[in-house]
Amino acid sequence: MPLPDLLVKATAAEKTVRALSAVTTCLVEEARMRHQTAPTASAALGRTLTAGLLLGSMLKEDETLSLQFLGNGPLRGIFVDANAQGEVRGFVYHPRAHLPIRNGKLDVGGAVGSGTLTVIRAQSWAKEPYRSILPLVSGEIGSDIAHYLLNSEQIPSAVSLGVFVRPDETVVAAGGFVVQIMPGASGETIAQLEANVAKAKPVSQMVREGATPQEILMQVLDGFGATTLAESAVRFNCRCSLDRVLGVLIALGKAEVEDLLRKEGQVSVTCEFCNEQYTVGHAELESLLGSSAQ
Ligand SMILES: [Zn+2]
């Protein structure tokens, strides 16, 4: 049984270092099952879901975050939404995209290709979301997120993300960490962190060996005497519902719904984020027509 999914935040060196780590094996496996992703697609989606949660945990209560990778590789696109409550959802355009193993690793960079990363931060109280579009560094996700944090948020960060997929396609380990250098960090602190990050094992290996998020942070912050600030559960959760589907149908308009009713007798709608399928039957469509007929 994998460890329960968990995210841990810590600080070190008199708050000049901020670090976050998450183990996300269960939710990445859930995403794989929902979307029936092939191994390379599972790794790409799993890394992005984990990045969404790590960045999402830095948001304010009423903010949401979207990560959108668009590339010319076989995956075409990865879309992830996360919030500050530890909830994440996501999908890829081509779930069966898979490439040969490269240098002993799943070739996520090849599957994404070259393109752009768009990060959207939306606040419930703000009219316009904050949007940042950057060219991809490698398509490997971790380095692209680090590039975003440095260029758009002005925070030098090391980002490591990993997903281990078994030959039978199940995800048996997933997780990641972000270490950030905050204003006032000494040269010594920065050098020590760089050395720690360089010698850290791949995060998918650490999780596979049973490391908890705290243990991952202990390796990354080795020699710092870090303080754990918070621990929170993380999960795959989509807020779609039959009510929302009905709302979309109402928005289509009476003529459209009448047309569907006549031609199909029922409507099936699939949520692209979680692959949940909603079927609206004949009777429901008729009552929808009644309720929208004014
Ligand atoms: Zn959904």
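The values are calculated or read from the model by the stated rules, or taken from the named source; none is laboratory data. Since we're looking at a predicted model, the values are computed, not measured. Glycine also receives a Cβ, built like all others from the backbone with ideal geometry; neighbour counts cover every protein chain displayed. Ligands, DNA and RNA are excluded from the accessible area calculation, which covers all protein heavy atoms including side chains. Shrake-Rupley method; radii C 1.70, N 1.55, O 1.52, S 1.80 Å.
Largest first, the three principal axis extents of the alpha carbons in segment 101-206 are 45, 39, 25 Å in whole numbers. How would you classify segment 153-206 from its alpha-carbon gyration tensor, with a ≥ b ≥ c the square roots of the eigenvalues: rounded for a/c under 1.5, else prolate if a/b is greater than b/c, otherwise oblate? Taking the square roots of the gyration eigenvalues as a ≥ b ≥ c, segment 153-206 is prolate. Taken per residue, the accessible surface of segment 1-159 reaches 42 Å², heavy atoms only and a 1.4 Å probe. Counting pairs of alpha carbon atoms under 8 Å apart in space and at least six apart in sequence, what relative contact order in percent does segment 203-294 give? Value for segment 203-294: 21 percent. The modelled label-to-label distance between GLN266 and GLU169, using points 7 Å beyond Cα along the C-beta direction, is 2.6 nm. The Kirkwood radius of segment 162-294, taken over pairs of alpha-carbon atoms, gives through the Stokes-Einstein law at 20 °C and 1.002 mPa s a diffusion coefficient of 108 µm² s⁻¹. Taking 18 Å as the straight-line reach from the Cα of LYS254, the aspartates and glutamates in range (excluding those fewer than 8 positions away in the same chain) are ASP243, GLU264, GLU284, GLU286. Between the listed residues TYR148, VAL197, LEU221, the Cα displaced farthest toward the positive end of the dipole of segment 93-246, a dipole computed from Cβ unit charges relative to the Cα centre, is found at TYR148. For segment 38-121, the square roots of the Cα gyration tensor eigenvalues, ordered a ≥ b ≥ c, give a/c of at least 1.5 with a/b greater than b/c, which places it in the prolate category. Taking GLU209, GLU61, GLU284 as the candidate residues, the one with maximal mean-square fluctuation in a Gaussian network model of the chain, Cα springs under 10 Å, is GLU284. Ligands, DNA and RNA aside, ARG131 has an accessible area near 140 Å² when probed at 1.4 Å.
Mind scanning LYS105/LYS199; LYS15/LYS201; LYS60/LYS105; LYS15/LYS60 and naming the pairs with a C-alpha gap bigger than 29 Å? Where the Cα-Cα span goes over 29 Å, the pairs concerned are LYS60/LYS105. Heavy-atom accessible area with a 1.4 Å probe sorts LEU20, LEU260, largest first, into LEU260, LEU20.
Here the relative contact order of the chain, from alpha carbon pairs under 8 Å that lie six or more residues apart, stands at 23 percent.
Would you rank CYS26, CYS238 by solvent-accessible area, highest first, keeping every protein chain in place and using a 1.4 Å probe? Could the numbers behind the result be given before it?
Working: CYS26 55, CYS238 20 Å².
Of CYS26, CYS238, the descending order of accessible area is CYS26, CYS238.
With all protein chains present and a 1.4 Å probe, how do ILE141, ILE181 order by accessible area, largest first?
Numbers: ILE141 0, ILE181 40 Å².
Heavy-atom accessible area, descending, gives ILE181, ILE141.
Annotation: for a label point projected 7 angstrom from Cα along Cα→Cβ of CYS240, residues of segment 259-283 with backbone N closer than 14 Å are 268-280. From the alpha carbon centroid of segment 21-100 to that of segment 214-258 is 10 Å. Sorted largest first, the principal axis extents computed over the alpha-carbon atoms of the chain equal 71, 45, 37 Å. Taking the chain as a whole, the Cys residues whose C-beta sits 4.7 Å or farther from every other Cys C-beta are CYS26.
Of all the accessible heavy-atom surface of segment 1-63, with the other protein chains kept in place and a 1.4 Å probe, what percent is carbon and sulfur? All intermediate terms of the calculation are to be shown ahead of the outcome.
Details: 1190 of 2100 Å².
Using a 1.4 Å probe with all protein chains present, segment 1-63 comes out at 57 percent carbon and sulfur.
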